[in-house]
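The values are calculated or read from the model by the stated rules, or taken from the named source; none is laboratory data. This is a predicted model, so every value here is computed, not measured. Cβ sites come from the backbone with ideal geometry, for glycine too, and all protein chains shown count toward neighbours. Ligands, DNA and RNA are excluded from the accessible area calculation, which covers all protein heavy atoms including side chains. Shrake-Rupley method; radii C 1.70, N 1.55, O 1.52, S 1.80 Å.
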Amino acid sequence: MKRGKNTEEAAAEGENDTGSASTKKAKKTKEPEAPILYDDPPDKTTSKDGRSANMKITSWNVDGLRAWVKKNGLDWVREENPDVLCLQETKCSEKALPAEITSMPEYPHKYWAVSDDKEGYSGVAMLCKTEPLKVTYGIGKEEHDKEGRVITAEFPNFYLVTAYVPNASRGLVRLDYRKTWDVDFRAYLSELDIQKPLVLCGDLNVAHQEIDLKNPKGNKKNAGFTPEEREGFSQLLEAGFVDSFRELYPEQANAYTFWTYMMNARSKNVGWRLDYFLLSSSLLPGLCDSKIRNKVMGSDHCPITLLVAV
């Protein structure tokens, strides 16, 4: 997720201070509050219906694949050892992919979607240990499929969709486009869901509820927390999909996946939860855990991991 400077400052600081001069002075001398951090609990590997997780999926907005590889992102991937690795915002043409990732023997089946029009923009990837039955790119609508935002893999028991959802952008200049995307993407997912259940992962570029970002009041007119984007996400849930993290941790505050690089936002944990695993409701009995690996560095987003019995 990218923001302009003014939006960044609002995101990091929240509401504007409209108090009196004396109040402002008092605020300046006040000791800064210690940040409230999220502690990722131990992984749960058994579902409610008693099955052991047999699928581990990791999703990470890497904010530039080449830079992320240089920051040793792949070392963490090897430690985490997911069955499938989904990446967003790769910003890299296929011909420029680093050899460190194209030659990874752990993931013999690799799929890339890149922007047709803009070099170094958007882009998603999916790396699999076992070969999917079928892989498709985009959502079947030309107006949405030029920016390399969606890969869908069909596995025997489910579909896996990874997405980098369009940002409404500074000044909300793409909000109308985003609203169109939300409608069309939801229709695409609903059509898949009729055939077999699905897992959707990626940077969905929206904090759904106030609990999902540090400063909701200061961001109601900013990209990622407008009423229109939040409603688009609500309609996705109403269509039969479940936010896996909120399903397991309904009251958990301060759990974020994105922090602007500005103003030490990450060390202060002034963040947003923009990265999700959504599941078809029929997969819920097999849900074991939905993890936010918030201590892992290498991007302005952290990775998230799903443990599920399918």
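Against the definition (in contact with a strand residue (DSSP E or B) (Cβ under 6 Å, 6 or more places away or on another chain), open to solvent by less than 20 Å² (accessible area, probe 1.4 Å) and either in contact (Cβ under 8 Å) with a residue 40 or more places away in the chain or under 24 Å from Gly148 (Cβ atoms) (or both)), how does Thr260 come out, yes or no? So Thr260 fails the test. Does Gly148 satisfy the criteria of being on the phi > 0 side of the Ramachandran plot, small (Gly, Ala, Ser) and surrounded by fewer than 17 Cβ atoms within 10 Å (Cβ to Cβ)? For Gly148, the condition - on the phi > 0 side of the Ramachandran plot, small (Gly, Ala, Ser) and surrounded by fewer than 17 Cβ atoms within 10 Å (Cβ to Cβ) - is not met.
May I ask you to say which residue of Lys134, Lys146, Lys221 is of a type in the set (Lys, Arg) and touching a residue at least 40 places away in the same chain (Cβ under 8 Å)? Residue meeting the stated conditions: Lys221.
Specify the residue that is nearest to Asn61 (Cα to Cα); the eligible residues are those in region 151-173 that are surrounded by fewer than 16 Cβ atoms within 10 Å (Cβ to Cβ) and either in contact with a strand residue (DSSP E or B) (Cβ under 7 Å, 6 or more places away or on another chain) or free of Cβ contacts under 8 Å to residues at least 24 places away in the same chain (or both). Applying the filter and picking the extreme gives Val173. Determine, yes or no, whether Ala53 is buried (at least 19 other Cβ atoms within 10 Å of the Cβ) and either of a type in the set (Gly, Ala, Ser) or touching a residue at least 24 places away in the same chain (Cβ under 8 Å) (or both). Yes, satisfied. When the test is whether a residue is within 22 Å of Tyr276 (Cβ to Cβ) and either surrounded by fewer than 20 Cβ atoms within 10 Å (Cβ to Cβ) or of a type outside the set (Ser, Thr, Tyr) (or both), Gly73 passes it. Scanning region 216-239 for residues that are touching a strand residue (DSSP E or B) at 6+ places or on another chain (Cβ under 9 Å) and crowded, with 16+ Cβ neighbours inside 10 Å yields Asn219, Gly224, Phe225, Phe233, Leu236. Val114 passes every criterion in (1) open to solvent by 20 Å² or more (accessible area, probe 1.4 Å); (2) out of contact with any Gly (no Cβ under 7 Å at 6 or more places or on another chain); (3) of a type outside the set (D, E, K, R) apart from (2). Within region 181-216, the set of residues being of a type in the set (Val, Ile, Thr) and more than 24 Å from Lys141 (Cβ to Cβ) comprises just one member, Ile211.
Report, ordered by the first and then the second residue, all pairs with beta carbons closer than 7 Å, sequence separation of six or more or different chains, a first member in region 93-117 that is closer than 15 Å to Arg149 by Cβ, and a second member that is small (Gly, Ala, Ser) and surrounded by fewer than 18 Cβ atoms within 10 Å (Cβ to Cβ). Here the result reads Val114/Ser93, each pair linking region 93-117 to a residue that is small (Gly, Ala, Ser) and surrounded by fewer than 18 Cβ atoms within 10 Å (Cβ to Cβ).
In this structure, is Thr180 within 22 Å of Glu80 (Cα to Cα), among the polar types (S, T, N, Q) and open to solvent by 50 Å² or more (accessible area, probe 1.4 Å)? No, not satisfied. Residues in region 35-70 that are of a type in the set (Lys, Arg) and in a strand (DSSP E or B): Lys56 alone. Contact map, region 196-215: first residue farther than 23 Å from Val270 by Cα and part of a loop (DSSP other than H, G, I, E, B), second residue open to solvent by less than 10 Å² (accessible area, probe 1.4 Å) and not aromatic (Phe, Trp, Tyr), Cβ cut-off under 7 Å, separation 6 or more or different chains; pairs are Pro197/Ser280. Of the residues screened, Asp193 is one that is open to solvent by 20 Å² or more (accessible area, probe 1.4 Å), in contact (Cβ under 8 Å) with a residue 60 or more places away in the chain and acidic (Asp, Glu).
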